[in-house]
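The values are calculated or read from the model by the stated rules, or taken from the named source; none is laboratory data. Please read these numbers as outputs of a predicted model, since none were measured by experiment. Here Cβ is always computed from backbone atoms with ideal geometry, including for glycine, and neighbour counts include all displayed protein chains.
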């Protein structure tokens, strides 16, 4: 059995850690309230943006535009959104698993990292990280999403990548966060075709563009990509704080259980020490009296 001093030192160490996890839980809770409101207010807009653009292109028929067809390159550009800090449960590792355990070959993946944890993990796995935008993940702005969008679209137009994906954590509620891999370009028209059925598919109106379709798509697609990237950033920030709040709550509860266990061990050791001292005193008194 450990000595009373060792138990007391261990208990003090866990109590100090518990104070830190409590503080981190409170900070994450405050940040979550703001991020949650922002994510919930914007979520419908970004979902509507995705559905509208996909539906519009599905109705438009065959349009010969570079944004609507896979590029000549076999490379897949993946925008990976994680966090700059750990202690958030499986938040970061789940996104990394989407890439490393998915159907993509490592040689074909080009990573545009937003978040140091995802960047570092993918570098350890041997993936190529072309750009690092980790600074924007703390307080994402629409202008930050525009910067990322412009870079990936330029690489797509130049033939350096043939497809664009977005890997982020979707925010469902405070305790449910869903790792998501969304294909941005070329637009997946099959999804829209599958949603339309029967009469709805036969009776849908044709899509006409004003001005010409090429000019219209040159304006629409960058806004579409930027909006989805910004939506992914907003939801990821809310998910990160929710995941960290849960992780710190679990850590605080575990620390409380360990402290209770160590307190019991300390009391037993103290009781044993007192009993031993009493036994020695009585034995000494009996020896003197004899």
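Structure values in brief
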read-out: Residue in region 110-125 that is surrounded by the most Cβ atoms within 10 Å (Cβ to Cβ), counting only those that are more than 18 Å from residue 77 (Cβ to Cβ) and out of contact with any helix residue (DSSP H, G or I) (no Cβ under 7 Å at 6 or more places or on another chain); value: 120
read-out: From the options 73, 55, 42, residue that is outside any helix (DSSP H, G or I) and under 24 Å from residue 183 (Cα atoms); value: 73
read-out: Only one of 118, 126 that is assigned to a loop (DSSP other than H, G, I, E, B), without any contact (Cβ under 8 Å) to a residue 60 or more places away in the chain and over 25 Å from residue 220 (Cα atoms); value: 126
read-out: Residue in region 134-146 that is in contact with a strand residue (DSSP E or B) (Cβ under 6 Å, 6 or more places away or on another chain), free of Cβ contacts under 8 Å to residues at least 60 places away in the same chain and at negative phi present; value: no
read-out: Whichever residue in region 126-141 is loosely packed, with under 13 Cβ neighbours inside 10 Å and modelled with pLDDT of 90 or more and, among such residues, is nearest to the chain's Cα centre (by Cα); value: 135
read-out: Test: residue in region 17-33 that is within 30 Å of residue 271 (Cβ to Cβ), surrounded by 13 or more Cβ atoms within 10 Å (Cβ to Cβ) and in contact with a helix residue (DSSP H, G or I) (Cβ under 7 Å, 6 or more places away or on another chain); value: yes
read-out: Number of positions in region 78-109 that are surrounded by fewer than 20 Cβ atoms within 10 Å (Cβ to Cβ) and not in a helix (DSSP H, G or I); value: 11
read-out: Pick from region 1-55, criterion closer than 30 Å to residue 68 by Cβ and touching a strand residue (DSSP E or B) at 6+ places or on another chain (Cβ under 9 Å), ranking: modelled with the highest pLDDT; value: 39
